[in-house]
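**Q** Below you'll find the structure I mean.
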Amino acid sequence: MVSMEKFNNDFKLPEQEIKKQHRLTREEVAGRLEQGENLENLILTDLDLAGLNLEGRKFCHSDLRGINFYRAEENDNGTVTETRTNLKGCDFTEAIIADLGPEAFFYKVEAEGAKFGYQENLISRRKRQAESGKVPRKEDTGGLFGFNGMEGNFKKTRWINADFGGGSGYDALFIGADLSEATMEGCDLSGIDFSEVNIDNIEIVNPTSLAGMKINKDQIELLAQTIRLSDSEKRAKFLKEIEQKGPRKALEDYFKIIIIKGKE
């Protein structure tokens with residue numbers, strides 16, 4: 001994971017880049033949607049797009065830091081009107097999401113079948129960044145720091161080569177979310193809390209790290225069965241751990257996963 005202190009101090013857009021790029025307004029986004037256009041390679045930072053029908057749109061390579069897909073307004077009678085956003089089947093590949101400012105607010109979204117992630121795997125990315133000795137640019141973090149997906153529908157989503165920022169203080173949040181039948185491949189899920197997340201039939205493929213990931217005791221058998229390891233030696237070793245120690249101890253010892261009691 002990127003050093004958060006270094007990220008916090010140095011992770012900024014070059015001044016001239018800020019000047020030359022144009023951040024779209026909600027109205028401009030709505031206009032593009034009316035024309036049937038996608039939303040790729042755009043500056044959409046800090047925009048409130050709550051309530052727009054974005055189903056199937058592509059956000060590839062767009063800057064989404066601080067974007068907001070949810071709104072709640074209190075009425076005169078004390079009730080609250082929620083405005084949610086349809087992101088079903090959207091493609092967020094290579095989208096810039098990692099930020100230490102306002103969250104990328106995917107709260108209560110309908111994002112079934114959406115795609116998130118990055119083409120370069122995290123091991124290669126981190127090696128390249130370490131060798132360069134430079135602070136990663138905004139489009140080169142491979143990160144989902146500051147992603148708030150609480151209570152969202154992320155069923156059947158796909159997450160590739162993403163660092164979820166666990167333990168950074170800007171962890172991706174999924175409390176109350178539905179990640180059933182999702183696929184997470186080549187991701188760093190260290191420190192992420194899945195203890196109150198629906199992870200039925202999830203597939204975690206070749207994780208970069210699961211150390212410190214939290215699950216509840218009722219998710220032990222499920223998770224042990226859904227981790228996929230392509231490396232035959234690693235797979236054999238994990239299966240042997242399960243056989244000798246049982247799934248709970250295998251998850252704790254082999255992946256350093258934390259098991260919590262959860263709700264009674």
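The values are calculated or read from the model by the stated rules, or taken from the named source; none is laboratory data. Everything numeric in this text was worked out from a predicted model, so none of it was measured. Every residue, glycine as well, gets a Cβ built from its backbone with ideal geometry; the counts of neighbours run over all protein chains shown.
**Q** Going through the range 37-83 one residue at a time, which ones are basic (Lys, Arg) and touching a Pro at 6+ places or on another chain (Cβ under 9 Å)? Quick ask: steps written out before the conclusion?
**A** Narrowing the range 37-83 to residues basic (Lys, Arg): 57-58, 65, 71.
Of everything in the range 37-83, just one residue is basic (Lys, Arg) and touching a Pro at 6+ places or on another chain (Cβ under 9 Å), namely Arg65.
**Q** Checking Ile123 against (1) over 18 Å from His61 (Cα atoms); (2) free of Cβ contacts under 8 Å to residues at least 60 places away in the same chain, which test does it fail?
**A** (2)
**Q** Then there is this: Looking at Asn153, Asn206, Asn216, Asn198 in this structure, which one is buried (at least 21 other Cβ atoms within 10 Å of the Cβ) and either under 11 Å from the mean Cα position of the chain (by Cα) or at pLDDT 95 or above (or both)?
**A** Result: Asn153 is the single residue among Asn153, Asn206, Asn216, Asn198 that is buried (at least 21 other Cβ atoms within 10 Å of the Cβ) and either under 11 Å from the mean Cα position of the chain (by Cα) or at pLDDT 95 or above (or both).
Yes/no per residue for (1) within 21 Å of Leu42 (Cβ to Cβ); (2) out of contact with any Lys or Arg (no Cβ under 6 Å at 6 or more places or on another chain):
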| position | (1), (2) |
| --- | --- |
| Gly78 | no, yes |
| Lys88 | yes, yes |
| Glu110 | no, no |
| Ala114 | yes, yes |
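**Q** Within the range 159-166, can one find any residue that is of a type outside the set (A, V, I, L, M, F, W, C), out of contact with any Leu (no Cβ under 9 Å at 6 or more places or on another chain) and touching a residue at least 12 places away in the same chain (Cβ under 8 Å)? Talk me through it step by step, then tell me what you get.
**A** Let us first name the residues in the range 159-166 that are of a type outside the set (A, V, I, L, M, F, W, C), namely 161, 163, 165-166.
Those still in the list that are out of contact with any Leu (no Cβ under 9 Å at 6 or more places or on another chain) too: none.
No, because not a single residue in the range 159-166 is of a type outside the set (A, V, I, L, M, F, W, C), out of contact with any Leu (no Cβ under 9 Å at 6 or more places or on another chain) and touching a residue at least 12 places away in the same chain (Cβ under 8 Å).
**Q** So the check is Cβ under 8 Å with 6+ separation or different chains; which pairs have a first residue in the range 26-42 that's within 12 Å of Asn53 (Cβ to Cβ) and a second one that's at pLDDT below 95?
**A** Within 8 Å, no pair qualifies.
**Q** In the range 156-172, what residues are surrounded by 24 or more Cβ atoms within 10 Å (Cβ to Cβ) and either modelled with pLDDT under 90 or within 19 Å of Glu112 (Cβ to Cβ) (or both)?
**A** Thr157, Trp159, Ala162, Ala172
**Q** Looking at Leu144, Leu189, which one is more than 20 Å from Cys90 (Cβ to Cβ), aliphatic (A, V, I, L, M) and buried (at least 18 other Cβ atoms within 10 Å of the Cβ)? Break it down stepwise before answering.
**A** Numbers: Leu144 fails: more than 20 Å from Cys90 (Cβ to Cβ).
Just one listed residue meets the conditions, Leu189.
**Q** On the basis of being at pLDDT below 95 and either among the hydrophobic types (A, V, I, L, M, F, W, C) or over 19 Å from the mean Cα position of the chain (by Cα) (or both), does Asn9 make the cut? Break it down into steps so the answer makes sense when it comes.
**A** Working: at pLDDT below 95: yes; either among the hydrophobic types (A, V, I, L, M, F, W, C) or over 19 Å from the mean Cα position of the chain (by Cα) (or both): yes.
In short, yes.
**Q** Could you go through the range 25-38 and let me know if any residue there is touching a Gly at 6+ places or on another chain (Cβ under 9 Å) and surrounded by 18 or more Cβ atoms within 10 Å (Cβ to Cβ).
**A** No, the range 25-38 contains no residue that is touching a Gly at 6+ places or on another chain (Cβ under 9 Å) and surrounded by 18 or more Cβ atoms within 10 Å (Cβ to Cβ).
**Q** Ala98 is checked against (1) more than 19 Å from Asp193 (Cα to Cα); (2) in contact with a strand residue (DSSP E or B) (Cβ under 6 Å, 6 or more places away or on another chain) and fails just one. What number does that condition carry?
**A** Unmet for Ala98, out of (1) more than 19 Å from Asp193 (Cα to Cα); (2) in contact with a strand residue (DSSP E or B) (Cβ under 6 Å, 6 or more places away or on another chain): (1).
**Q** Would you point out the residue of the range 223-264, among those that are assigned to a helix (DSSP H, G or I) and within 21 Å of the chain's Cα centre (by Cα), that is surrounded by the most Cβ atoms within 10 Å (Cβ to Cβ)?
**A** If we filter the range 223-264 for residues that are assigned to a helix (DSSP H, G or I), which is where we start, we get 223-226, 232-245, 247-254.
Narrowing further to those that are within 21 Å of the chain's Cα centre (by Cα): 223, 226.
Details: Leu223: 21, Thr226: 17.
Ranking the candidates gives Leu223 first.
**Q** Still on this model: Restricting the first residue to the range 239-251 and requiring it to be free of Cβ contacts under 8 Å to residues at least 12 places away in the same chain, which pairs with a second residue that is surrounded by fewer than 16 Cβ atoms within 10 Å (Cβ to Cβ) meet a Cβ separation below 8 Å and a spacing of at least six or different chains?
**A** Lys245/Asp253
**Q** Name the single residue, out of those in the range 95-144 being of a type in the set (Lys, Arg) and within 15 Å of the chain's Cα centre (by Cα), that is farthest from Glu82 (Cα to Cα).
**A** Keep residues of the range 95-144 that are of a type in the set (Lys, Arg), which gives 108, 115, 125-128, 134, 137-138.
Narrowing further to those that are within 15 Å of the chain's Cα centre (by Cα): 108, 115.
Numbers: Lys108: 10, Lys115: 25 Å.
Per the criteria, the residue is Lys115.
**Q** Between a first residue in the range 95-118 that is touching a residue at least 12 places away in the same chain (Cβ under 8 Å) and a second residue that is of a type in the set (Ser, Thr, Tyr) and not in a loop (DSSP other than H, G, I, E, B), which pairs have beta carbons less than 9 Å apart while being 6 or more apart in sequence or on different chains?
**A** The qualifying pairs are Lys115/Thr93; Phe116/Thr93; Gly117/Thr93; Tyr118/Thr93.
**Q** Go through Glu120, Glu131, Glu139 for me and flag whichever is part of a loop (DSSP other than H, G, I, E, B), surrounded by fewer than 21 Cβ atoms within 10 Å (Cβ to Cβ) and not aliphatic (A, V, I, L, M). Explain how you work it out, then say what you get.
**A** On the way: Glu131 fails: part of a loop (DSSP other than H, G, I, E, B); Glu139 fails: part of a loop (DSSP other than H, G, I, E, B).
The match here is Glu120.
**Q** Ok, one more. For residues that are among the small types (Gly, Ala, Ser), surrounded by fewer than 22 Cβ atoms within 10 Å (Cβ to Cβ) and closer than 22 Å to Ala162 by Cα, scanning just the range 67-106, find the one that is modelled with the highest pLDDT.
**A** Start the filter on the range 67-106 by keeping residues that are among the small types (Gly, Ala, Ser), which leaves 72, 78, 89, 95, 98, 101, 104.
After this cut, where a residue has to be surrounded by fewer than 22 Cβ atoms within 10 Å (Cβ to Cβ) as well, the list is 72, 78, 89, 101.
From the residues that got through so far, the ones that are closer than 22 Å to Ala162 by Cα too are 89, 101.
Working: Gly89: 98, Gly101: 84.
Restricting to residues being among the small types (Gly, Ala, Ser), surrounded by fewer than 22 Cβ atoms within 10 Å (Cβ to Cβ) and closer than 22 Å to Ala162 by Cα, the top hit is Gly89.
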